[in-house]
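First comes the structure, then the notes that go with it.
A short reminder: the numbers here are calculations on the coordinates, not readings from a lab. For clarity, every value in this text was computed on a predicted model and none was experimentally measured. Positions of Cβ are backbone-derived with ideal geometry, glycine not excepted, and every protein chain shown enters the neighbour counts.
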Amino acid sequence: MEKGIFVRTLEGEKTERPPVWFMRQAGRVLPSYLEMRKDYSFKELMRDPELAAKVTLLPIYDLGVDAAILFSDILVIPEALGMDLAFTDSGPRFTTALKDLPNPVKSLNADASKLEYIYDAIDKIQETKPADIPLIGFCGAPFTTLCYMVQGLGTNHTFPDAVSLLYKDKKLAKQLLGAITDLSIEYALNQVKHGISAFQIFETHAGLIPSDLYMKLIMPFVRKISAAVMNAGVPTIFLPKGLGVGLTQLQPGDADIISIDWQVPIKEARKMVPKEMGLQGNLDPRILLADQNVIENKLEEYLSFGAEESNWIFNVGHGFIPGIPVENAKFVVDWIKKANWNR
Ligand code: CP3
């Protein structure tokens, strides 16, 4: 099988340019996706393996990115843990958040078979994708998943009940984090069995808590997931959004690649993260709402970094947001591909 630039970079090759893909590259900005959403709900697209495979591959053709990411959501783990998830017009919602239950641990009932449709989607993607395009699998990291489970969705973006649980009842928090972690490991290893080329762990809400608390209480759970995947021979990417100075506390076993958010300049991040680990990131997705000359000026700043650092995947510092013009996303991919990286 042909090896694309994403896999060659992960294997340690000094490639001619950084590989490029974007978080939330499918379900946010593509006209082809928005067109499909007129006929199908998000749930229908995610649940039907044929449709999920089709959506997963749209950015390959429409944007020219070097990797596809499974079209699914981090909320499938709470659902498989027994929480009732409804997709409403205003987005996904849990019928009851854990904060409103007297015994949250007892309310959970893991049923891994609820994730099987996702492996069918992965098989379909493997059958239909171009040979040199790798598929990235993913899950939410335990704390981010806990935030949604405890607080619920669409209520409070600072997740006060989830954060205070870490202080008020650490034992309960650890039980819940443990349940999320165990099922996430099973889920991740099944994705590996179905042939994913890399696995990303999304800790979108790391920045909600002090970084020392994060490293002490949460990181051991993340490490368990990464270790399982890395031992199974698949590289891991960890996005700890908002971890800040905590980046200096990461260790090589925590993941192969650390995805850097837009807060920390990439060159600073390079000084903070151990040199054995690669980096991913970190363009502010909101710059894609500006003119292309503004975007281009920012991209030029990455040239000197990319000349020095070949263990780096170009990406955004957090997912695409609605309203980004597709031409600007395409502009970034074309620019990364044609720039002189001086390697
Ligand atoms: O390109 C892709 O879209 C890839 C698939 C993907 C989705 N969600 C689809 C989705 C991925 C990788 C995710 C990850 C995800 N989901 C994260 C981590 C990354 C991040 O951006 O921080 C998080 C925190 C979620 C949880 C989530 N999913 C929320 C809070 C919501 C509702 C609000 C929102 O952001 O839209 C979702 C829904 C969701 N997940 C949509 C899509 C395409 C929108 C569904 C719709 O069309 O109504």
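Laid out as a table, the results:
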item	result
Rounded, prolate or oblate (a/c below 1.5 giving rounded, otherwise prolate when a/b exceeds b/c) for the stretch 155-212 by Cα gyration tensor	prolate
Residue order, fewest to most beta carbons within 10 Å, for GLU11, GLU79	GLU11, GLU79
Cα gyration tensor shape for the stretch 76-201, rounded if a/c is under 1.5, else prolate or oblate	prolate
TYR302, TYR61, TYR148 arranged by Cβ crowding within 10 Å, fewest neighbours leading	TYR61, TYR302, TYR148
Extension gain from ASP284 to LYS14, taking 0.36 nm per residue of separation minus the Cα-Cα distance	94.7 nm
Proxy reagent accessibility, fewest Cβ within 10 Å first, across VAL20, VAL234	VAL234, VAL20
Part-to-part distance (alpha-carbon centres) for the stretch 260-301 and the stretch 205-247, which is given in Å	20
The stretch 5-338: radius of gyration and largest Cα-Cα distance (Dmax), Å	19.0, 57
Sequence ranges 42-48, 166-172, ranked by mean other-Cβ count within 10 angstrom, highest first	42-48, 166-172
Hits among aspartates and glutamates - C-alpha to C-alpha of LYS170 under 20 Å, sequence gap 8 or more where chains match	ASP100, ASP161, ASP182, GLU203, ASP212
Efficiency of FRET between THR155 and ASP89 - r from beta-carbon atoms, R0 22 angstrom, step 0.05	0.85
Relative contact order (%) - criterion: Cα under 8 Å, at least six apart; region: the chain	21
Value of [θ]222 nm, deg cm²/dmol, for the chain, DSSP H segments ≥ 4, -39500 (n - 2.57) each, nearest 500	-12500 deg cm²/dmol
Extension gain, LYS267 back to LEU213 (0.36 nm per residue minus Cα-Cα distance, nm)	16.9 nm
Sequence-distant residues sharing a close amide H with ASP284 (under 5 Å, placed H)	GLY317
For the stretch 174-180, 3J(HN,Hα) per residue [Karplus equation, 6.51 cos²θ - 1.76 cosθ + 1.60, θ = phi - 60°, Hz, x = Gly/Pro]	5, 4, 5, 4, x, 5, 5
Residue-wise HN-Hα coupling along the stretch 109-115, computed from phi with Karplus coefficients 6.51, -1.76, 1.60 (Hz; x: Gly, Pro)	8, 5, 9, 5, 5, 5, 9
Rounded FRET efficiency, nearest 0.05, which uses the C-beta distance separating LYS330 from GLN126 and R0 of 41 Å	0.95
The chain: antiparallel DSSP beta bridges as a percent of all, rounded to 5	15
Extended-chain gain in nm, criterion 0.36 nm per residue less alpha-carbon gap, ARG343 and LYS171	56.9 nm
